[in-house]
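**Student:** For reference, the structure I am asking about is given below.
Any read-out appearing in this document is the output of simple, stated calculations on the displayed coordinates, not a laboratory observation. Since we're looking at a predicted model, the values are computed, not measured. FYI the Cβ positions are ideal-geometry reconstructions off the backbone, even for glycines, and counts take in every protein chain you see.
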Amino acid sequence: MNDTSTSDSFENVSLVFFGGKGGVGKSTTSAATATHLARLNPSARVLLISFDMAHNLSDLFDTEIGDKITEILPNMHAIEPDAERYTEEFVSTFVEKAKSLAYSLPIVKKLTNLEEYIEDSFSAASIPLAVKNSIFFEEIITKAGEFDVFVVDMPPTGNMISIFEVPRTSIQILLKNTLESMDKVISFLRKIRKINPLHWFKSPKKEQRNTARELLDMLRELDKRGDLVMKLLKERSSLRFVSIAERPSYEEIRRAKQIVGKYVRLDGVVINKINPPSCQCECCISESENQKKYIDMIEHEFQDQNIWKAEKMMTETIGIEKLVEFGKMLYKNNEYGEILHPSINGDDDVK
Ligand SMILES: Nc1ncnc2c1ncn2[C@@H]1O[C@H](COP(=O)(O)OP(=O)(O)OP(=O)(O)O)[C@@H](O)[C@H]1O
Ligand SMILES: [Mg+2]
């Protein structure tokens, strides 16, 4: 996976995404799945990534992870990437080049108030968050190093969809943004020219042409990386929803199901925090009845996909031992390959 510029280097990579409503257990399920896969197959190299800005993998493993690839097991690592750091390099270089192109217009040196205008128009802050997210997504997937399996803890549903969506559109947004800023500067120059019609505009110099070319190269590179991410999403990825057996969570995954299919293969649902049968207090009995209703609805809605179930644990799901317990509860005797690539109705090899 050293040559990140070719998609061939990703031929054997698998990505497993966990998404769903806030607080349903996405991080716990992601952490338990990564741990379980790594234990089932010691020769697989697993990376657990948090794509949620509100990282909590460190809390789950009770160890400091942060923005560095951190060993959890010999063949399993985790990272809570700092999205800003990943995007900063690309965005700031891009902004600097666009700014230098605007500054190279001959009039700029003569008008001090235009400087302020350019500084405002071309700043990292003016790049939409969606584009930064997309660059971050591409960076981490394409540059994470030597891993076979990426288990990805996604942010709650809305943000998750925008992450899937952006590789498609980031290039257009960035280009549109730059052209709009450039357009503002040029129309400002035109107004001034009317007042004082001197020959401000000369034909572009060599350096200007080079900067423009460099900007275009950066956009092309982004476009290429966007294509690679789209390909990885389409061909090498599996999305699983995590839901609890309650109405808001059920409704959210039911709606999201209609949207995500065009980006990624949906393999099923983890129904989490199901009351164990041993829970027989009055309150639990009534909650369990309600849960039963939503479990049936989820099973019906996702009858073509897989359903994994996890009971509500009586103690905190923190630390590797608890996560191992959670993984076993979820995947029972399933083998590594079945967990990574579960079949769904419509596949050629139906289970
Ligand atoms: N099966 C379970 N039994 C008991 N507690 C659980 C279970 N699954 C998750 N939890 C607890 O529920 C809380 C939320 O879990 P988690 O952080 O994994 O959810 P999340 O979907 O990642 O949340 P967020 O949207 O805030 O990132 C945590 O306190 C976690 O320990
Ligand atoms: Mg979480």
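**Student:** If I take every Cα pair under 8 Å that is 6 or more residues apart in the range 253-351, average their sequence separation and divide by the length, what percent do I get for the relative contact order? Mind dumping the intermediate values first?
**Tutor:** Details: 77 pairs, mean separation 30.6, N = 99.
Across the range 253-351, relative contact order equals 31 percent.
**Student:** Please rank Arg254, Arg220, Arg225, fewest neighbouring Cβ atoms within 10 Å first, as an exposure proxy.
**Tutor:** Details: Arg254 15, Arg220 11, Arg225 24.
With the fewest neighbours first, Arg254, Arg220, Arg225 line up as Arg220, Arg254, Arg225.
**Student:** So which of Lys312/Lys332; Lys262/Lys309; Lys21/Lys273; Lys68/Lys257; Lys68/Lys97; Lys21/Lys293 end up more than 23 Å apart, counting from Cα to Cα? Intermediate values should be presented prior to the final figure.
**Tutor:** On the way: Lys312/Lys332 16 Å; Lys262/Lys309 26 Å; Lys21/Lys273 13 Å; Lys68/Lys257 33 Å; Lys68/Lys97 29 Å; Lys21/Lys293 19 Å.
Long pairs (Cα-Cα over 23 Å): Lys262/Lys309; Lys68/Lys257; Lys68/Lys97.
**Student:** Contour minus end-to-end for Lys292 and Ile318, with contour as 0.36 nm per residue of separation and end-to-end as the Cα-Cα distance?
**Tutor:** Details: separation 26, 0.36 × 26 = 9.36 nm, distance 2.67 nm.
Difference between extended and current length: 6.7 nm.
**Student:** Near the amide H of Ala245, under 5 Å away, which other amide H atoms are found, from residues 5 or more places off or on another chain, if H is placed in the peptide plane?
**Tutor:** Amide H neighbours of Ala245, under 5 Å, 5+ apart: Asn272.
**Student:** I've got another one for you. Check Trp308: other-chain or 5+ apart residues with amide H under 5 Å from its amide H, H built from backbone geometry?
**Tutor:** For Trp308, the qualifying residues are Val269, Val270, Ile271.
**Student:** Taking other Cβ within 10 Å of each residue's Cβ, how do Lys26, Lys68, Lys97 sort, fewest first?
**Tutor:** Sorted ascending by nearby Cβ count, the order is Lys68, Lys97, Lys26.
**Student:** Any idea what % of Cα-Cα pairs in the range 231-351 are farther than 25 Å?
**Tutor:** Values: 2181 of 7260 pairs.
Counting every Cα pair in the range 231-351, those more than 25 Å apart make up 30 percent.
**Student:** So if R0 is 30 Å, what FRET efficiency would Tyr103 and Lys68 give, r being the distance between their Cβ atoms, rounded to the nearest 0.05? Walk me through the numbers on the way to the answer.
**Tutor:** Details: r = 37 Å, r/R0 = 1.23.
About 0.25, to the nearest 0.05.
**Student:** What are the ³J(HN,Hα) couplings of the range 269-280, residue after residue, when phi is run through the Karplus curve with 6.51, -1.76, 1.60 and θ = phi - 60°? Round to Hz, x for glycine and proline.
**Tutor:** 10, 9, 8, 10, 6, 6, 4, x, x, 5, 6, 10
**Student:** Amide H of Gly20: which non-local residues (sequence gap of 5 or more, or other chain) have their own amide H closer than 5 Å, using H built in the peptide plane?
**Tutor:** Correct list: Thr157, Val242.
**Student:** Rank these for me by crowding, Ser237, Ser162, Ser278, going from fewest to most other beta carbons within 10 Å. Provide the component values of the computation, followed by the final result.
**Tutor:** On the way: Ser237 22, Ser162 15, Ser278 8.
Listed from fewest to most nearby Cβ atoms, that is Ser278, Ser162, Ser237.
**Student:** Could you go through the range 287-295 in sequence order and give the Karplus-derived ³J(HN,Hα) for each residue, using 6.51 cos²θ - 1.76 cosθ + 1.60 with θ = phi - 60°, rounded to whole Hz, and x for Gly and Pro?
**Tutor:** 5, 4, 4, 5, 4, 4, 4, 6, 4
**Student:** Something else: For the range 16-63, list log₁₀ I(q)/I(0) at each q in 0.19, 0.24, 0.30 Å⁻¹, using the Debye formula over Cα point scatterers of equal strength and ignoring solvent, two decimals each.
**Tutor:** Summing over Cα pairs of the range 16-63 leads to -0.62, -0.94, -1.27.
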